[in-house]
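To start, the structure under review is shown below, and the notes come after it.
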């Protein structure tokens with residue numbers, strides 16, 4: 001019985017680790033995190049770096065999370081002296097390159113939080129690529145100096161649909 005339990009545990013562990021790596025081994029996700037929210041804020045931003053070690057471009061077409069009603073790929077853009085959000089339909093990661101989602105630039109907009117988040121919580125997300133490949137990620141909620149994004153909740157989000 002113990003041997004069966006240990007074999008099952010080992011199989012589950014290998015399955016979990018496989019979720020965090022690309023099937024082809026060419027995509028790596030680094031430093032996924034979510035900016036700790038101010039009280040009563042239901043729209044947050046997640047950041048990470050996507051590294052493509054492959055020979056072909058990889059195209060991210062969607063992101064989802066059971067912790068949020070909707071997740072979008074967004075980019076902060078200056079129009080005059082106002083920052084606007086533009087929703088991106090997809091995000092191309094060139095071969096042998098990295099694409100960084102960071103404060104003040106591209107990010108995952110996490111909308112309609114299903115419960116309040118605290119520093120240290122983990123936010124599960126699924127990244128879906130054009131190939132149909134899905135990569136599971138857990139982003140840690142942390143405080144941080146989000147330069148240029150401290151007033152994110154006051155930005156104009158009217159330029160796109162949710």
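Bear in mind these aren't lab numbers, they're just calculated from the coordinates by the rules spelled out. Note that this is a predicted model, so its numbers are computed, not measured. Counting neighbours? That spans all protein chains shown, and the Cβs are built from the backbone with ideal geometry, glycine included.
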Per the Kirkwood formula over distinct C-alpha pairs, the hydrodynamic radius of region 53-108 in angstrom is 12.7
Listing 68, 129 by rising number of other beta-carbon atoms within 10 angstrom, fewest first, gives 129, 68
